[in-house]
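Please read the structure below before turning to the comments.
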Amino acid sequence: MGDSSVAGALVPSVPKPEPARSGDTSVAAAATTAALALALPEEAGTRAASASPQGPPAEDEGPADRDLLCPICMALIKDAFLTACGHSFCYMCIVTHLSNKSDCPCCGHYLTKAQLYPNFLLDKVLKKISARQIAKTASPIDQFRCALQQGNEMGVKELDSLMTLIAEKKRQMEQQESETNMQILLVFLHCLRKQKLEELNEIQTDLQYIKEDISAVERHRKELYRTKERYSMKLRMLLDEPTAQKMWPSPIDKASCRFPPNSRTPLSASCPGTLQNKKLDLKAQVSHQGFQRRDALTSSDPPNPPIQSGNVIARKRRVQAQFNELQEYYLQRRRTGAQARRQEERDIVAMNREGYHAGLQDFQSVLTTFTRYSRLRVIAELRHGDLFHSANIVSSIEFDRDDELFATAGVSKRIKVFEFSTVVNEPSDVHCPVVEMATRSKLSCLSWNKYSKNVIASSDYEGIVTVWDVQTRQSVMEYEEHEKRAWSVDFSRTDPSMLVSGSDDCKVKVWCTKQEASVINIDMKANICSVKYNPGSNFYVAVGSADHHIHYFDLRNPSAPVHIFGGHKKAVSYVKFLSNNELASASTDSTLRLWDVKDNCPVRTFRGHKNEKNFVGLSVNNEYIACGSETNEVFVYHKAISKPAASHRFVSSDLDDADDDPGSYFISAVCWKSDSPTMLTANSQGTIKVLVLAP
């Protein structure tokens, strides 16, 4: 019957029989009786199944369940209505069907809405079946609540026993919950104790390091005082020797007696006791100082510190201002030095000639260099712009091999070479370049050859990489393989004939000045912003990309990078090497980052400047990192401290520029002088300043 019902519901083209006669009412009554007969045995079977501990097999319930489905929606009948032909449907299903057609969906007999009758008994049975199905999935509490809501009678004794059972169950649950809470609390306390013990062990280890270092510093300090005492003793002995009296009478006589050289009056007669008193006073002073130092060195207390100068006080203030950063670096270096010492089998290996551990020696060097400077002082300034070009942005500024010349380039389409000593020693707002070379396009980057003083390379906005001879002011080679703007170019420090370039065409190209075409081509997926050779190798190249990463390549196998450094959140605009293993990078996420290319790990992140869209320059030396900012400031970071060590703001001195918004200018290029606290900086206004780190 189920199959025929489905077929009838799907196929609407069943021929209509003749209209039913009035005698069909008896047929409807018979169908109702048959439906009740079908439903009642099923209900009895269901009750028997619920009473049985195992229940009937699932196969026996399948046909009965299918017979209780609506032939139209194939769901359990809801609001059952019976037709004159004896079929039951959901009320909404059959009414909707009869709104379109006038036949029974099951048998095809003629049917109207007037021939529909409520099937109360079937509806009641269906509701009970539905309630039992819900009860199977309901919790005991829901079942008990449902039984009470239905008004089932229950005696007082039964309620008392039930409440006692519920109370006992509640106590068990509370006890179990308390045990669980205690167990969780105990686990937490054990974890906390373990963590604090580890922290305590670490603190005790750090305190031991500090104690050892204090002892080493005190020993060295006493040694300095002993050395100073030895010099004082030597000076006292020299004053006692007759030869010293013969060597020093003339200045002393002149200072004490002030007699003319041709006077015949004896020195002892003219100023009796003067020379002897002077010598005795000096000897007494030296002896007194010597006794003071000996007493200080032999006593348990350290010698009295000398009177502190303003420079010492300022350096102490810098230490206090960056105490947390310095503390972190000291502990990091000290722990690393201790681990290296254990690996080298003997503690003496990690000691230097002063008795310092390697970590303390390294930290002392950092502390000395960091506290030595606190500001940037201007020692020279010049204007890069000219009368024929309104655009003055300096995109690149670089020193030559000997730091005697520096070259500038930018949007003015000219490479200008200046003599550094002339700019510093001859104060003037306008300095004429010693060499000037015109180009076809705006320039983005310069790179001096570190072997040949007269060779410099440039990259421009048309993608052309050019090698120039500064002496003849002519281009030696022009490479035009890049399809878009070339942002960066760099000469190798180990092979003067090799250079590398990167472009917006997502390609890194390696060139040889002895060949007219590129020797290596690396295709990447994002724009190239910066390229840099490792200073200690001709094979390794760092590439800063717009994909927020630094790709480190071995040119002997350029198919894939050796390592990809990730951490920046925007394009990497610059990459520079501080040493063979230290790489600095700048990004438009307003951060600088320091990387270890040997261990392939990040070292430190520097924040303080602002850089969100422009190329603001990056330059490094052994200890310091300099970069520009879109606030028209230059920032200097020590490589061991994440906060700026010094900064300088460009302020226009021209009356014509006084009304301009300072925020419209930005630093566009920076360059350190080799192994020097002096640096060159330029901004988008065309102003170039020579700055030096000062206390």
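Structure data summary
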{"item": "Alpha-carbon centroid distance for the pair segment 155-174 / segment 407-424, whole angstrom", "result": "95"}
{"item": "Computed accessible area, Thr83, all protein chains, 1.4 angstrom probe, square angstrom", "result": "0"}
{"item": "Projected label distance in nm at Arg335 and Asn538, using a 7 Å step from Cα toward the beta-carbon", "result": "4.2"}
{"item": "Placed amide H near Tyr574: partners under 5 Å, 5+ positions off or other chain", "result": "Ala586"}
{"item": "Simple label model, 7 Å out from Cα along Cβ direction - Thr164 to Cys73, nm", "result": "4.9"}
{"item": "Length released on extending from Glu436 to Leu192, taking residue separation times 0.36 nm less the Cα-Cα span", "result": "80.9 nm"}
{"item": "Label-point separation, Leu200 to Arg375 (7 Å along Cα→Cβ), nm", "result": "4.9"}
{"item": "Among 638-646, 323-331, the order from most to least packed when residues are scored by Cβ within 10 Å on average", "result": "638-646, 323-331"}
{"item": "Stretch gain in nm, segment Ala138-Ala560, where the contour uses 0.36 nm per residue and the Cα spacing is subtracted", "result": "145.8 nm"}
{"item": "Highest to lowest packing among 573-579, 114-120, scored as the average C-beta count within 10 Å", "result": "573-579, 114-120"}
{"item": "Peptides ranked, highest mean first, by Cβ atoms within 10 Å: ranges 182-190, 500-508, 550-558, 214-222", "result": "500-508, 550-558, 214-222, 182-190"}
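The values are calculated or read from the model by the stated rules, or taken from the named source; none is laboratory data. Because the structure is a prediction, the values reported are computed rather than measured. No Cβ is skipped: glycine too gets one built from the backbone with ideal geometry, and neighbour counts run over all protein chains shown. Only protein heavy atoms, including side chains, enter the accessible area calculation; ligands, DNA and RNA are left aside. Shrake-Rupley method; radii C 1.70, N 1.55, O 1.52, S 1.80 Å.
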